[in-house]
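Undergrad: Below you'll find the structure I mean.
The values are calculated or read from the model by the stated rules, or taken from the named source; none is laboratory data. Just so you know, these numbers come straight off a predicted model, no measurement behind them. Virtual Cβ from ideal backbone geometry, glycine too; neighbours counted across all protein chains shown. Side chains are part of the model used for accessible areas, which takes the heavy atoms of the whole protein and leaves out ligands, DNA and RNA. Shrake-Rupley method; radii C 1.70, N 1.55, O 1.52, S 1.80 Å.
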Amino acid sequence: YYWYRRAAGEGLPVAQAWVGHCYRNGWVVSTDRATAQAWYARAAARGSTMAQYWLGRCHEHAWGVERGDGEAARLY
């Protein structure tokens, strides 16, 4: 987590997506779906298709955001 978080802070989209995974799954940090969604959104905005997929999952399953099937479909 330490190195992913450090690289994420430098703006690396892949690392930002992995920090999102850490928060979504409770890996090393406490599970926090809203924080995971925020990291996925940052990474998706920087072009990470992996993060865009997981952001869509957040919207589909209401993980940290309101459920939005239309937004999920757009992100997928």
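Undergrad: Applying the selection to segment 31-64, what residues are of a type in the set (Lys, Arg) and assigned to a helix (DSSP H, G or I)? Give the steps one after another, and end with the answer.
TA: Of segment 31-64, the ones of a type in the set (Lys, Arg) are 33, 42, 46, 57.
Passing the criteria: Arg33, Arg42, Arg57.
Undergrad: Further question: Return the residues of segment 64-74 that are farther than 21 Å from Ala8 by Cα and either open to solvent by 30 Å² or more (accessible area, probe 1.4 Å) or touching a residue at least 24 places away in the same chain (Cβ under 8 Å) (or both); say none if nothing qualifies.
TA: Answer for segment 64-74, where residues must be farther than 21 Å from Ala8 by Cα and either open to solvent by 30 Å² or more (accessible area, probe 1.4 Å) or touching a residue at least 24 places away in the same chain (Cβ under 8 Å) (or both): Val65, Glu66, Arg67, Asp69, Gly70, Glu71, Ala73, Arg74.
Undergrad: Mind listing just one residue for me: the one in segment 34-48 that is open to solvent by 40 Å² or more (accessible area, probe 1.4 Å) and either touching a Cys at 6+ places or on another chain (Cβ under 8 Å) or basic (Lys, Arg) (or both) and, of those, farthest from His21 (Cα to Cα)?
TA: Per the criteria, the residue is Arg46.
Undergrad: Which of the residues spanning segment 1-12 are surrounded by fewer than 20 Cβ atoms within 10 Å (Cβ to Cβ) and in a helix (DSSP H, G or I)?
TA: Tyr2, Trp3, Arg5, Arg6, Ala7, Gly9
Undergrad: Considering (1) hydrophobic (A, V, I, L, M, F, W, C); (2) touching a Pro at 6+ places or on another chain (Cβ under 8 Å); (3) exposed (fewer than 14 other Cβ atoms within 10 Å of the Cβ), say which one Ala51 fails and leave the rest.
TA: Of everything listed in (1) hydrophobic (A, V, I, L, M, F, W, C); (2) touching a Pro at 6+ places or on another chain (Cβ under 8 Å); (3) exposed (fewer than 14 other Cβ atoms within 10 Å of the Cβ), Ala51 misses just condition (3).
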